[in-house]
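Scroll down for the structure; my scribbles are underneath it.
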Amino acid sequence: MFDKISTIKEQIVDFNSSDSNEIEKFRISMLGKKGSITDLFTQFRNVPAEDKKEFGKQLNLLKKLASSKIEELKSNSGSNKSTQSTIDFSMTAQPTVLGSRHPISIVKEQIIEIFSQIGFTVSEGPEIEDDWHNFTALNFPEEHPARDMQDTFFINKEMALRTHTSSVQVRVMENEEPPIRTISPGRVYRNEAISARAHCIFHQVEGLYIDENVSFSDLKQALLYFAKEMFGEKTKIRLRPSYFPFTEPSAEVDVSCNICNSKGCNVCKYTGYLEILGCGMVDPNVLENCGIDSEKYTGYAFGMGIERIAMLKYGVKDLRLFFENDVRFLKQFDKGI
Ligand code: PHE
């Protein structure tokens, strides 16, 4: 019996072919129903008890040898291509298409990065806000026409969709002691007609700095630094006197339009400048409303629309594109630009 194993082993070692039919014939002669190796397995019961262990071991090795030899010859002959499927069943059915970051997110991160370099932290708050945080604490007296400046979506008499993220700053002032240096990015809502320059939903980053001896020139310096970091060294800013209930004095800040290089285009309404910011010194009433000693502390605040900044930065002429989620538009930002 052991002789048979040795003979078959030699046959396996000696066998060589690249013809797939011959290899298959060989496989049948060895491992098929009437194959020599299969035959030895059926004869196993006739092996004397004391040899069974050794015989079984050798027989299994023989089977393995035959199988791996056949596999090896098959793969060399290329016959595996015809007998095995070439389909990779582990592949996903559809190629995975990776999305890209939305330009608003990209610009928001950039703004955060720029202000964090001069010590600003990030604070966030609710989008559904009460009257106190969105208006009253910010020095909008009840029934005051200044509330019309920001057409509001009211939920009920008390609650509204926040019209600016200044509401978050009220929350920070109520809960923290100066020095406070924070920016609040987030989504805001206004009941405005949708056009190339305005939308009923948009994004803001508002900033607040409160400490002893904070002055208007600190504000100007911070904003100029921001404009240059965002739009390049050559960027100019211009401040125009303005009015906000929560700041005094107040200003609006324009940056030179880099869509038309300040020559005038329909985005900058042929002025060469684009308004990006409202700002001013925090009104003492606001500080007192939030429990901050206005004799001791002063502060500045500013607020900007992220869409405006993104339009300037990427030369986008219609603000509505940011909300349509047309992949042809969004795909252009997949390198993070
Ligand atoms: N909250 C103002 C707005 O929504 C912007 C602003 C913030 C202006 C801070 C002055 C100071 O338009």
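Only the coordinates and a few stated rules stand behind these numbers; no lab work does. These numbers come from a predicted model, not from an experiment. For neighbour counting, all protein chains shown are included, and Cβ atoms are generated from backbone atoms with ideal geometry for every residue, glycine included.
Among R171, R187, sorting on how many other beta-carbon atoms sit within 10 Å of each Cβ, with the fewest leading, yields R187, R171. Under a model in which nothing but the beta-carbon of Lys, Arg (+1) and Asp, Glu (-1) is charged, the chain shows a dipole of about 2420 debye around its Cα centre. One Cα centroid belongs to the stretch 221-245, the other to the stretch 65-144; the line between them spans 34 Å. Please work out the C-alpha center-to-center distance from the stretch 299-319 to the stretch 1-47 and express it in whole Å. One Cα centre to the other: 80 Å.
When +1 charges are put on Lys and Arg Cβ atoms and -1 charges on Asp and Glu Cβ atoms, the dipole computed for the stretch 41-190 relative to its Cα centre reaches about 1800 debye. Rounded to the nearest angstrom and listed largest first, the equivalent-ellipsoid semi-axes of the stretch 151-306 from its Cα gyration tensor are 27, 22, 12.
Rounded to the nearest whole angstrom, the semi-axes of the ellipsoid equivalent to the chain, taken from the Cα gyration tensor as √(5λ), stand at 80, 25, 19, largest first. For the stretch 103-210, the square roots of the Cα gyration tensor eigenvalues, ordered a ≥ b ≥ c, give a/c of at least 1.5 with a/b no greater than b/c, which places it in the oblate category. Springs join every pair of Cα atoms under 10 Å in this Gaussian network model of the chain, and among H199, H164, H144 the largest mean-square fluctuation is at H144.
Percent of C-alpha pairs per 10 Å bin in the stretch 200-292, short distances first: 15, 41, 32, 11, 2. The fraction of all Cα pairs in the stretch 89-148 landing in successive 5 Å bins from 0 to the largest distance is 4, 12, 11, 11, 11, 14, 12, 8, 5, 5, 3, 2, 2, 1, given as whole percents. Computed from phi, the 3J(HN,Hα) profile of the stretch 87-103 under the Karplus parametrisation 6.51, -1.76, 1.60 (θ = phi - 60°) reads 6, 8, 6, 7, 6, 6, 5, 10, x, 7, 8, 8, x, 9, 6, 6, x Hz, with x in place of Gly and Pro. Taking square-rooted eigenvalues a ≥ b ≥ c of the alpha carbon gyration tensor, is the stretch 272-313 rounded, prolate or oblate, where a/c under 1.5 means rounded and, failing that, a/b exceeding b/c means prolate? Prolate.
Taking the DSSP bridge list for the chain and keeping only pairs wholly inside it, about 95 percent are antiparallel.
Isolated cysteines in the chain, defined as those with no second cysteine Cβ under 4.7 Å, comprise C200, C279, C290.
Gain on full extension, evaluated as 0.36 nm per residue between T42 and D88 minus their Cα-Cα distance, stands at 12.8 nm.
Based solely on its DSSP helices, what 222 nm [θ] is calculated for the chain when runs of n ≥ 4 H residues each add -39,500 (n - 2.57) and the sum is averaged over all residues, nearest 500 deg cm²/dmol?
Helix contribution divided over all residues of the chain: -11500 deg cm²/dmol.
Relative contact order, whole percent, for the stretch 1-67 stands at 37, derived from Cα pairs under 8 Å and 6 or more residues apart.
Positive end of the dipole of the chain (Cβ unit charges, origin at the Cα centre): among V97, T121, F154, the Cα lying farthest that way belongs to V97. As a rough footprinting exposure proxy, the listed residues L65, L319 were ranked by other beta carbons within 10 Å of their own, and the order from fewest upward is L65, L319.
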